[in-house]
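Asks: Provided herewith is a single structure, encoded as structure tokens, for subsequent inquiry.
The values are calculated or read from the model by the stated rules, or taken from the named source; none is laboratory data. Given the structure is predicted, the values throughout are model-derived calculations rather than measurements. What goes into the accessible areas is simple: the full protein's heavy atoms, side chains included, and nothing from ligands, DNA or RNA. Shrake-Rupley method; radii C 1.70, N 1.55, O 1.52, S 1.80 Å.
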Amino acid sequence: MAAISFKSVGETTEDRARRRAIEDAERLPLGIMTPVRAGDETDGIFKMHHSIADLIHDNFKNLLITNHGDRVIMYDYGANLQPLTFEITNSENFNNEAMRRIKTAVERYMPFIVLDDFETNVGTRGQQSTGRVDISITYDVPRANISKKKITVTFFVGG
């Protein structure tokens with residue numbers, strides 16, 4: 001009795017067509033990557049996201065770094081965190097206020113995100129000792145089967 005590997009069987013034309021259709025559907029562009037950059041032959045004019053997890057991550061990052069008044073027509077879009085950096089040395093409630101602003105923005109503009117953990121790290125950068133605040137958030141998107149995704153945004157301290 002000879003041992004034959006299933007790898008040598010190959011695939012039918014129907015199986016190959018089905019597999020290619022699935023691969024093509026996975027390559028459909030979902031949204032433009034930010035920062036905007038030139039695309040290639042698969043993307044078109046701009047680089048595009050092809051994964052829902054990457055698209056949500058990019059949009060969430062943009063929500064966090066946008067301040068009120070930055071978007072035309074949508075004045076209150078964003079978490080409005082940059083103004084808090086002017087108060088970081090004076091405010092004992094920096095973390096509470098930052099979490100409140102993030103939660104409010106997410107509930108309004110990205111309600112499908114479930115916020116899990118919040119962490120801040122205050123430090124300096126480089127020889128100029130520029131103050132900076134790193135805000136890290138862990139989140140889930142249950143409807144897209146995304147769990148424990150972490151995002152970190154950095155703000156330079158003003159004032």
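Asks: Ordering VAL114, VAL133 by accessible area with a probe of 1.4 Å, largest first, what comes out? Intermediate results must be reported in sequence, preceding the final value.
Replies: On the way: VAL114 65, VAL133 0 Å².
Accessible-area ranking of VAL114, VAL133, largest first: VAL114, VAL133.
Asks: Straight-line reach from LYS47: which lysines have a Cα under 24 Å away, not including same-chain ones fewer than 8 places off?
Replies: Excluding near neighbours in sequence, the set is LYS61, LYS149, LYS150.
Asks: Jot down the radius of gyration and Dmax of segment 44-110, Cα atoms only, both in angstrom.
Replies: 14.2, 48
Asks: At 1.4 Å probe size, what's the solvent-accessible area of LYS103? Round to the nearest 10 Å².
Replies: 110 Å²
Asks: Put one equal scatterer on each alpha carbon of segment 56-157, apply the Debye formula with no solvent term, and list log10 I(q)/I(0) at q = 0.11, 0.12, 0.14, 0.24 1/Å to two decimals.
Replies: Evaluating at q = 0.11, 0.12, 0.14, 0.24 Å⁻¹ gives log10 I(q)/I(0) of -0.34, -0.40, -0.54, -1.35.
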